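S.K.: Structure in structure tokens, see below.
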Amino acid sequence: MSVRSLASVVVLLAAALSSLPRVRGEEITIYRDEFGIPHIYAETLAGASFAAGYAQAEDRLEQLLQNYRLAAGTIAEIAGPDLLDQDYRTRIWEHERVCRENFGKLDPKLQASCRAYVQGIQKFMADHPDQVPPWAQQLEPHHPVMLGRFIIWGWPEGQADDDLEKIGIKRSPEVYRGSNEWIVSPQRSAAGGSIALIDPHLSWYGPFRFYEQRMYAPQDDFALSGAAILGVPMPGLGHTQFASIAMTTGGPDTADIYEETINPENPLEYLLDGQWKKMTERVETIRIRTQDGVVSKDLKVHATHRGPIVARQGNKAYSMVIPYVDQIGLIEELYKFHTARTLDEVKQALASRQLMPQNVMVATVEGDTFYVRTGRVPKRNHGHPSDRPIPGDKSANDYDGVHPFEDLVQITNPATGYMQNCNISPAHLMKESPLVPEKYARQPYLYNADPGPAHQRGRMVLELLHADDSVTLEDAFEIAFSTHVWAADQWQARLRKAWEQATAEQKSGDAAEMYERIQKWNRKSDPDSQGALCHYAFKMALGGAAAEAVEVPADITDAQLLAALAQGAELLRAQPRAFESTYGDLFRVARQGAERSFPVGGGSVKEAGMATPRAISFHKGNPRIGHGGQTSTQIVVLSKPPKSYMVIPLGQSDHKQSGHWDDQAEKLFSPGKAKDTYFLDRGAVEKHATATKKLTF
């Protein structure tokens, strides 16, 4: 940064800080444990939020500021023309304007929390101007609310994009959003309370890279541990002293596409009830970084009375309708959840339906468990399928408000004593689930799940939970980080059958070694497993649909299987340690730009039909480095008080020399472990603290 840039930033920060309310004098302590995780002890929620802003900025300031630019639609100003389309798509929905204009309608306590949080960021920037990027923008109290709205938007917008794909229009590449969640109730728990798994699966980089924190504010009866989106004051996934909350992708259909007929003589008019109606038009000016400096580009946004036009094809235009368009209440819903003491209060919080379409699971310290397939769901009385574009020529096809919370698919305290949702249909929540699609036949968009069996991850977790009627904490860890490969036993059995028919020549050499290792394999893709790598090489040698098949295809031949054994052996011979190679030699975890990597087990290896409950996505190559999957795994025992354990895949800090850049990758994520959160145990936190920061708010 130049001296001039540095000076201008400091002046900007000084001006911002001078306009802040008078300091009240609340003393706050931030303890950092061995992994650099902040444990924030304040008196008030505002004080805790101030410290959260400071701590997040200390660890990942540039990513935090980038997140706000993504949400405001100004990222192209620093990242260049490749992100122009990203900015335009964001500007269509006016996240910044909607949140700025409606910020004053939020609960005053949450307004104060957001203001304090932003002040905490500004305090760090003022204390450390050398860490402030030259492109840093002016921060505003509504920015955390704006970021929350932006983060949830991809889910309903993605549902609408799926509708467009039905007619051959693809707006953007598919973004994978997965997760695991399950709950074991006290009747099946040997751990002193319900056990909950919170296990989102997202990218390890960018805006969805979670930030781990604990925060306590006794004056507001607030205690929270979990994973926060970087740029908001408090975690959304985690637990309080009363309850835990987990979410997985999947939910009711919350968005629609309308096919509008366009006037052939005027592309800005559409047909409605027999008359041509004018679209609205506004201009968004987007700034773009180029080699010659920052330039501006004006882009038009057209909209019908339903919503913005997002695509055109022939004489048709397609408007997108998302019922969150005027909503900013996500932070209020989460706060009400985080202060709820009972399941009834939890349900009251969730009833505001501000969350994106999700499978939500809740457990309480009183022993209650609850599942709801939540979202803001339009009431559709027009009779047209909602999973494809709806005719837009009649106003009678518009939706009529949103469904109340009571209409949503849900269950309280299931008799099975367990439930799970790993991005699957509610029909597979537990064995003989009562939540079947037939109950929602009149309004199938509330259920909105594909028929048929669950995928590998869901089926494996379901079997593991169903088989264990006394789940210990150790069992919970084993299931959460399970490397079991569903249906691998079928491949072993089919190989045995083929081997019995093999010739002496086919049974010789490396093929025999491959066969023996696969047969002795325990069907877990552990880092030190030779059998798992042999199975992977064998499946890859099959090639095509057979390699990707989870279960053995009925038409596969002995010749194919035996040939794949021989070819798989050749693949293994190409590895640095040949037949001594293990699964973890090939499958690794490492941070981008790191000089070192670490062995890891499990993962979603679709091309070999190997998906485990422990979800990790890998880049191609040799070695194969993880880049997504488990992003903030939490295991919570809902005792009084709760006990919890947590891991993130890389490290807490973006500063390579901090010691917390990739320490969790090495010490926890690689071996499949999680650390104690020391929830509500200040003595333990102080004992494990490696750094202490005092702040005054």
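The values are calculated or read from the model by the stated rules, or taken from the named source; none is laboratory data. None of these values were measured; they are calculated from a predicted model. Glycine gets a Cβ as well: all are built from the backbone with ideal geometry, and neighbour counts include every protein chain shown. Areas reflect the complete protein model, heavy atoms only, side chains present, ligands, DNA and RNA absent. Shrake-Rupley method; radii C 1.70, N 1.55, O 1.52, S 1.80 Å.
S.K.: Which one of these does GLN219 not meet: (1) open to solvent by 30 Å² or more (accessible area, probe 1.4 Å); (2) in contact with a Ser or Thr (Cβ under 8 Å, 6 or more places away or on another chain); (3) part of a strand (DSSP E or B); (4) not basic (Lys, Arg)?
M.R.: The failed condition is (3).
S.K.: Where residues in segment 429-457 are touching a Lys or Arg at 6+ places or on another chain (Cβ under 8 Å) and in a helix (DSSP H, G or I), which of them is farthest from ILE411 (Cα to Cα)?
M.R.: The qualifying residue farthest from ILE411 (Cα to Cα) is TYR445.
S.K.: Let me ask something additional. Write out, first by first residue and then by second, each pair whose Cβ atoms fall under 6 Å of each other, whose residues are 6+ apart or on separate chains, and whose first residue, in segment 517-543, is within 15 Å of ALA578 (Cβ to Cβ) and of a type in the set (Lys, Arg) while the second is open to solvent by 40 Å² or more (accessible area, probe 1.4 Å) and in a helix (DSSP H, G or I).
M.R.: Between residues of segment 517-543 that are within 15 Å of ALA578 (Cβ to Cβ) and of a type in the set (Lys, Arg) and residues that are open to solvent by 40 Å² or more (accessible area, probe 1.4 Å) and in a helix (DSSP H, G or I), the close pairs are ARG517/GLN530.
S.K.: Follow-up. Kindly provide the set of residues from segment 599-639 that are farther than 13 Å from VAL485 by Cα, touching a strand residue (DSSP E or B) at 6+ places or on another chain (Cβ under 6 Å) and in a loop (DSSP other than H, G, I, E, B), ordered by number.
M.R.: Residues satisfying the conditions are VAL600, HIS619, PRO623, THR631, SER632, LEU638.
S.K.: Which ones in segment 255-298 are hydrophobic (A, V, I, L, M, F, W, C) and open to solvent by less than 50 Å² (accessible area, probe 1.4 Å)?
M.R.: Answer for segment 255-298, where residues must be hydrophobic (A, V, I, L, M, F, W, C) and open to solvent by less than 50 Å² (accessible area, probe 1.4 Å): ALA255, ILE257, ILE262, LEU271, LEU272, MET279, ILE286, ILE288.
S.K.: Only one of these is of a type in the set (D, E, K, R), open to solvent by 10 Å² or more (accessible area, probe 1.4 Å), closer than 30 Å to LEU465 by Cβ and under 21 Å from the mean Cα position of the chain (by Cα): LYS675, LYS643. Name it.
M.R.: LYS675
S.K.: Would it be correct to say that ARG388 is of a type in the set (Lys, Arg), part of a loop (DSSP other than H, G, I, E, B) and buried (at least 21 other Cβ atoms within 10 Å of the Cβ)?
M.R.: Numbers: of a type in the set (Lys, Arg): yes; part of a loop (DSSP other than H, G, I, E, B): yes; buried (at least 21 other Cβ atoms within 10 Å of the Cβ): no.
Considered against the rule, which asks whether it is of a type in the set (Lys, Arg), part of a loop (DSSP other than H, G, I, E, B) and buried (at least 21 other Cβ atoms within 10 Å of the Cβ), ARG388 comes out as no.
S.K.: Whether any residue in segment 227-248 is at pLDDT 95 or above, among the small types (Gly, Ala, Ser), open to solvent by 10 Å² or more (accessible area, probe 1.4 Å) and part of a loop (DSSP other than H, G, I, E, B) is what I want to check.
M.R.: yes
S.K.: Please state which one of SER179, SER172 is farther than 30 Å from ASP468 by Cα and of a type in the set (S, T, N, Q).
M.R.: Going through SER179, SER172 in turn, just one is farther than 30 Å from ASP468 by Cα and of a type in the set (S, T, N, Q): SER172.
S.K.: Taking into account only those residues within segment 113-127 that are touching a residue at least 60 places away in the same chain (Cβ under 8 Å) and more than 28 Å from the chain's Cα centre (by Cα), which is surrounded by the most Cβ atoms within 10 Å (Cβ to Cβ)? Walk me through how you get there before you give the answer.
M.R.: Step one: filter segment 113-127 for residues touching a residue at least 60 places away in the same chain (Cβ under 8 Å), giving 113-126.
Imposing the further condition that a residue be more than 28 Å from the chain's Cα centre (by Cα) reduces the set to 123, 125-126.
Numbers: LYS123: 21, MET125: 24, ALA126: 16.
Within segment 113-127, the match that is surrounded by the most Cβ atoms within 10 Å (Cβ to Cβ) is MET125.
S.K.: Quick check on this structure: which one of PRO553, PRO599, PRO576 is under 14 Å from GLY626 (Cβ atoms) and either without any contact (Cβ under 8 Å) to a residue 24 or more places away in the chain or touching a Gly at 6+ places or on another chain (Cβ under 6 Å) (or both)?
M.R.: PRO599 is the lone residue from the list that is under 14 Å from GLY626 (Cβ atoms) and either without any contact (Cβ under 8 Å) to a residue 24 or more places away in the chain or touching a Gly at 6+ places or on another chain (Cβ under 6 Å) (or both).
S.K.: I want to confirm something. Restricting to segment 646-660 and keeping residues that are in a loop (DSSP other than H, G, I, E, B) and of a type in the set (Gly, Ala, Ser), which single residue is surrounded by the most Cβ atoms within 10 Å (Cβ to Cβ)? First the steps, then the outcome.
M.R.: So in segment 646-660, the residues in a loop (DSSP other than H, G, I, E, B) come out as 648-655, 659-660.
From what's left, of a type in the set (Gly, Ala, Ser): 651, 653, 659.
Values: GLY651: 25, SER653: 19, GLY659: 15.
Only one residue tops the list, namely GLY651.
S.K.: I've got another one for you. Residues to consider are SER194, SER189, SER203, SER172; find the one that is hydroxyl-bearing (Ser, Thr, Tyr) and open to solvent by less than 10 Å² (accessible area, probe 1.4 Å).
M.R.: Details: SER189 fails: open to solvent by less than 10 Å² (accessible area, probe 1.4 Å); SER203 fails: open to solvent by less than 10 Å² (accessible area, probe 1.4 Å); SER172 fails: open to solvent by less than 10 Å² (accessible area, probe 1.4 Å).
The unique qualifying residue is SER194.
S.K.: Only one residue in LEU70, LEU110, LEU64 is more than 18 Å from GLN213 (Cα to Cα) and either open to solvent by less than 20 Å² (accessible area, probe 1.4 Å) or polar (S, T, N, Q) (or both). Which one? Explain how you work it out, then say what you get.
M.R.: Details: LEU70 fails: either open to solvent by less than 20 Å² (accessible area, probe 1.4 Å) or polar (S, T, N, Q) (or both); LEU64 fails: more than 18 Å from GLN213 (Cα to Cα).
Every option except LEU110 fails the conditions.
S.K.: Can you name every one of the helices (runs of 4 or more DSSP H) wholly within segment 75-167 that holds 2 or more residues which are within 18 Å of PRO308 (Cβ to Cβ)?
M.R.: Numbers: elements: 76-79, 84-92, 95-102, 108-127, 143-165.
Per the criteria, 84-92, 95-102, 143-165.
S.K.: Pick out the one residue from ALA415, ALA396, ALA476 that is surrounded by fewer than 17 Cβ atoms within 10 Å (Cβ to Cβ) and assigned to a helix (DSSP H, G or I). Give the derivation first.
M.R.: On the way: ALA415 fails: assigned to a helix (DSSP H, G or I); ALA476 fails: surrounded by fewer than 17 Cβ atoms within 10 Å (Cβ to Cβ).
Every option except ALA396 fails the conditions.
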